[in-house]
Amino acid sequence: MAYKIVFSDIDGTLLNNERILSNHTIKIVKHISEKLPFVLISARMPAAMRHLQDDLGIKHYPIIAYNGGLVLVDDKAISSTTIPLNIVEDLHKFNAEMDCHFSLYHNDEWYVPREDKWSAREETNTKISPQIKSNADVIAKWKIEDKGAHKIMAMGTEEHIDKIRDFLSAKYGDKLHLYRSKSTYLEIANKEISKFSAIQFLLKEHYGCDAKDCVAFGDNYNDVEMVRGVGTGIAVANARQEVLDVAKVVTHAGTEDGVAKSLIELFELKDV
């Protein structure tokens, strides 16, 4: 089959045990990207993806950030879907007594209310430093600038995350996507978007091809629709069962260069 584009998730899929790109992965992706686009697609903010693009030699290709909430071509947004600010403000008021950590994101802006173990962990994982600003001050700033949040990351005790999830599910269940990557993490985004919807938009508006012509790699719940929807959806061996169930191919684990090994097989690379 003549594939036209490759999409890959990052965390849990493309990175090794040290949460960086292996030399082997860099070599294979650089080779593939000379022939067709290799597009990173992630829950991350753009700034936390660009240094990986740089390492892979693919900065000239688009980025799909925030699980599809932001699509960038030549560093310009061609699609942007945010959480309305009134919902952000309502959630902030609900959180007043619990004081759970809320990271607020818009494009390359990342605000944390204070430096704590939660912000430190995210900074280590993404290699990006946040700006320190209270949630109230960020909301006030965004009101003036007419912005919403591409993502809210709630981090705290399991009890607090339970309460936040229940509050949002009851009041905004039809408007928000709630993704709990672990018991102490809750990623919040606009329900209108997904990785696959962003892929469809990018293909229609920029590349003019069909999802059946694409390959996509993933590992987690937010990758299910993408892996199921493209022509060849590939799960790394460490993927959630839900991803394994819809994948056409299962490759090696992300930490074992599964993406690179699969690309070698798909494109019959022998001398790279």
For segment 22-63, what is the convex hull (Cα atoms) projected area averaged across all directions, in square nanometres?
-> 2.8 nm²
What list do you get for Leu36, Leu56 if you sort them by fewest beta carbons within 10 Å?
-> Leu36, Leu56
Exposure proxy check on Cys214, Cys209, Cys100: fewest-to-most Cβ neighbours within 10 Å is Cys209, Cys100, Cys214
Of all DSSP beta bridges having both residues in the chain, the percent classed as antiparallel (nearest 5) is 60 percent
Of the convex hull enclosing the alpha-carbon atoms of segment 85-190, the direction-averaged projected area in nm² is 6.1 nm²
Could you work out the equivalent-ellipsoid semi-axes for segment 98-252, taking the square root of 5 times each eigenvalue of the Cα gyration tensor, largest first, in whole Å?
-> 30, 19, 16
Would you mind telling me the antiparallel percentage of the DSSP bridges in segment 85-190, rounded to 5?
-> 90 percent
Non-local residues with an amide H under 5 Å from the amide H of His150, with H modelled 1.01 Å from N and Pro and chain starts lacking one, are Ile83, Tyr105, His106, Asn107
For the chain, what is the mean residue ellipticity at 222 nm derived from helices alone (per DSSP H run of n ≥ 4: -39500 (n - 2.57); sum divided by total residues; nearest 500 deg cm²/dmol)?
-> -10000 deg cm²/dmol
Packing-based exposure ordering (other Cβ within 10 Å, fewest first) of Ser262, Ser22, Ser169 | Ser169, Ser22, Ser262
³J(HN,Hα) across segment 231-248 via Karplus (A = 6.51, B = -1.76, C = 1.60, θ = phi - 60°), whole Hz, x for Gly/Pro?
-> x, 10, x, 10, 9, 6, 4, 8, 5, 4, 4, 4, 6, 4, 5, 9, 6, 7
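Any read-out appearing in this document is the output of simple, stated calculations on the displayed coordinates, not a laboratory observation. None of these values were measured; they are calculated from a predicted model. Cβ: placed from backbone, ideal geometry, glycine included. Neighbour counts: every protein chain shown.
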